[in-house]
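Here the structure is laid out as structure tokens; the discussion comes afterwards.
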Amino acid sequence: MSGDTMESSLEESGLNEGMYDAHAPSEHNSELADRLIRRLKVKDHNAIFEMISGKAYYGGSLLMILIFFYWIFIHSANDNADIGVSILLDLSFPDVAIAVMLSGLASAFFRDYSRELGQLLPSLLSGAMIIICGFYFLEPLVYGFVTNDLEAQTAIWRSVRIGLLWGGVTYCAHFLVDASLLLWLKQFCANHDIDISPLSEDSNRPAEEESTA
């Protein structure tokens with residue numbers, strides 16, 4: 001992306017010309033800021049504070065719900081942990097649930113950061129952790145329908161709980177990653193005296209007229 005293209009892109013998003021003084025940020029950081037503003041649909045500077053608070057709030061709430069879910073339906077459940085021990089690291093079912101929560105959370109973190117920063121290694125780690133989570137999700141079903149180690153009903157219930165934890169931590173990670181990226185954007189704008197302001201109706205009107213012509 002050329003400098004002129006980057007400048008016009010940032011101006012469309014509401015960034016003022018203060019970025020292009022002697023203390024202008026690097027092109028990489030400018031592109032990242034522009035990408036975040038567009039993807040997260042940041043309307044103005046004040047909206048960043050509300051978005052950080054909202055995403056962190058929902059991410060923390062969901063994480064606590066998952067912890068309670070683990071405590072009630074896995075740790076305290078009447079499920080014999082000595083049956084159906086995983087062949088991967090010899091983990092019992094409660095330990096498998098914790099491994100899925102940690103691996104799923106880390107995988108989502110790495111994938112989202114790789115998408116924004118354009119780095120290869122986080123995506124490789126994310127892909128490897130997804131395979132681990134998928135293995136732990138399918139393993140109880142194999143025990144229940146292929147072997148005699150678990151009853152089919154128990155095997156299905158175990159996979160359902162693993163799947164809920166996996167999906168929950170993945171969704172939670174999106175909130176937390178977005179909150180941390182918005183926090184970086186807020187600090188980036190503060191360090192470089194950048195003001196994100198909403199586009200005025202007058203500036204949007206010519207584009208709307210052209211599209212309807």
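What the table below lists for this structure:
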read-out	value
Virtual spin-label span in nm between Leu40 and Val160, 7 Å along Cα→Cβ	3.7
Spacing of the two label points (7 Å from each Cα toward its C-beta) at Ile65 and Ser53, in nm	2.1
Separation of the Gln187 and Phe135 label points, Cα + 7 Å toward Cβ, nm	3.6
Whole-Hz couplings from phi, Karplus 6.51/-1.76/1.60, listed for region 80-95; x for Gly and Pro	5, 6, 7, 9, x, 5, 5, 6, 8, 6, 6, 8, 6, 4, x, 5
Cβ-based exposure ranking for Tyr113, Tyr171, Tyr136, Tyr57, in which fewest neighbours within 10 Å come first	Tyr57, Tyr171, Tyr113, Tyr136
Kirkwood hydrodynamic radius over Cα pairs of region 26-198, then Stokes diffusion coefficient at 37 °C and 0.692 mPa s, in µm²/s	183
Gain in span if fully extended, Leu89 to Asp149, counting 0.36 nm per residue against the direct Cα distance	19.8 nm
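Each reported figure results from applying straightforward, stated rules to the coordinates on display, with no laboratory input. In this text the structure is predicted, and so the values were computed from the model without any measurement. Ideal geometry is used to build each Cβ from the backbone, glycine not excepted, and the neighbour counts take in all protein chains shown.
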